[in-house]
């Protein structure tokens, strides 16, 4: 794995990725103007930009100047301005072209490394046959993943119990408070057409992530997910999706409610706990604690692991929201049962959590990397994908363990 010099320290790609995600980046307009001609880099936060480190590590590239403008239009900006750490919503990272025209990452104006970008795509200019734009409904992450990040609204958010860190939850909660209409839910045909374009017509992607909001009605959610999978199977063919299909679901009331998802082609299923410390979780993820309950998450995850074997169930943790000790307690518990603990780096400038937008330091991320690496090795766990997802570091940690 590549090494870099940063502020006098030697760090690796996992650590650099975590720092860039949690701090954001100031991107020069020259990068968009010159690199945007042939590569996937846009001055639009909805297009989920990423950069690629020299060893192939995929890194979310959140340009703060555009990100803040978008947040202001979507969330209650007054609540953000009053945050204690608002003055720290800045970043030492910048991205510019060097003297030879190569895109280069800087830390406090000191060169860190050259970077590259994925190849260009017409993906975000497309619409489905019903007129639904791809933009705002799906994103391409890295060189592999087609992600549907929130296919249906979150009932918990609309009821005022959204996860504090969740950008989409903030949007739904804001719309519900203002009694505004919620976004249209894409039809199964819409989803299948987007998958067909990304996987078959253009070959941009080989794996799919399907995520929706938490729901009160599991039967309704099950019908939605099954209809999406059936439409994908009919139009695309599961055999033509060479990678994986990941589902992020609300845990059903009876664990065997997941069985048909596997029959329809899902490879792995997440019932994400997010925060292990239950006192903190009550504040940060109120809907998941008060409505779904911690036990229901564990029941479904353990059912999957016992029936389908290790590496089939996983649970996301938002890295940076709780102390290292409680995070690792939860990760160890799940890993010991064959459930993959996955790691999504908290983006503090998305939404404040418990009145804070302060990101963890390098030592915290370094400890998480080492701790998760030891768990993956000890329990024989392998996170999804060939390359990583923009804000998640679990596959990068696995590559670190295996020196690939």
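Indicate the gyration tensor shape class of the chain (rounded, prolate or oblate), computed on the Cα atoms with a ≥ b ≥ c the square roots of the eigenvalues: a/c under 1.5 is rounded; otherwise a/b larger than b/c is prolate and the rest oblate.
Numbers: a/c = 1.29, a/b = 1.19, b/c = 1.08.
Since a/c stays below 1.5, the shape of the chain is classed as rounded.
Under 1.5 on a/c is rounded, so check that first for the range 184-258, then, if it is not, pick prolate when a/b is larger than b/c and oblate when it is not; a ≥ b ≥ c are the square roots of the alpha carbon gyration tensor eigenvalues.
Taking the square roots of the gyration eigenvalues as a ≥ b ≥ c, the range 184-258 is prolate.
Pairs of alpha-carbon atoms within less than 8 angstrom and 6+ residues apart define the contacts here; what relative contact order does the range 183-268 have, in percent?
37 percent.
Determine the distance separating the Cα centre of the range 181-242 from the Cα centre of the range 137-154; give it in Å without decimals.
Measuring centre to centre over Cα atoms gives 10 Å.
Sort 317-326, 39-48 by packing, meaning the average of other beta carbons within 10 Å per residue, with the highest value first. Mind dumping the intermediate values first?
Values: 317-326: 20.2, 39-48: 18.2.
With the highest mean Cβ count within 10 Å placed first, the list reads 317-326, 39-48.
Assign one of three labels to the range 101-212, namely rounded, prolate or oblate, based on the Cα gyration tensor with a ≥ b ≥ c the square roots of its eigenvalues; rounded applies when a/c is under 1.5, prolate when it is not and a/b is larger than b/c, and oblate otherwise. Don't skip to the answer; put the middle values down first.
Values: a/c = 2.61, a/b = 1.28, b/c = 2.05.
Oblate.
What relative contact order, as a whole-number percentage, does the range 293-363 give when Cα pairs under 8 Å and 6 or more residues apart are counted?
Dividing the mean separation by the residue count of the range 293-363 yields 31 percent.
State, to one decimal in nm, how far the label point of residue 1 lies from the label point of residue 98, with both points 7 Å from Cα in the Cβ direction.
With each label point 7 Å from Cα toward Cβ, the separation is 2.3 nm.
Take residue 33 and residue 233, extend 7 Å from each Cα along the Cα→Cβ direction, and tell me the distance between the two endpoints in nm.
Reported label-point gap for residue 33 and residue 233 is 5.2 nm.
Assuming R0 = 30 Å, can you tell me the calculated FRET efficiency for the pair residue 110 and residue 378, based on Cβ-Cβ distance, to the nearest 0.05?
0.20
Could you calculate the FRET efficiency of residue 125 with residue 253 from 1/(1 + (r/R0)^6), where r is the beta carbon distance between them and R0 is 35 Å, rounded to 0.05?
0.25
Percent relative contact order of the chain, based on C-alpha pairs within less than 8 angstrom and at least six residues apart?
That works out to 17 percent.
Any chance you could run the full-extension gain for residue 174 through residue 366? It's 0.36 nm times the residue separation minus the Cα-Cα distance, nm to one decimal. Write down the numbers at each step before the final one.
Numbers: separation 192, 0.36 × 192 = 69.12 nm, distance 3.57 nm.
Length difference between fully extended and current span is 65.6 nm.
So what's the back-of-envelope 222 nm ellipticity for the chain, counting only DSSP H runs of four-plus at -39500 (n - 2.57) apiece and dividing by all residues, rounded to 500?
Calculated from helices alone, the mean residue ellipticity at 222 nm is -10000 deg cm²/dmol.
Values quoted throughout were computed directly from the atomic coordinates according to the rules given, and no laboratory measurement underlies them. Note that the structure is predicted; figures quoted are calculated from it, not measured. Please note: Cβ atoms are built from the backbone with ideal geometry, for glycine as well, and neighbour counts cover all protein chains shown.
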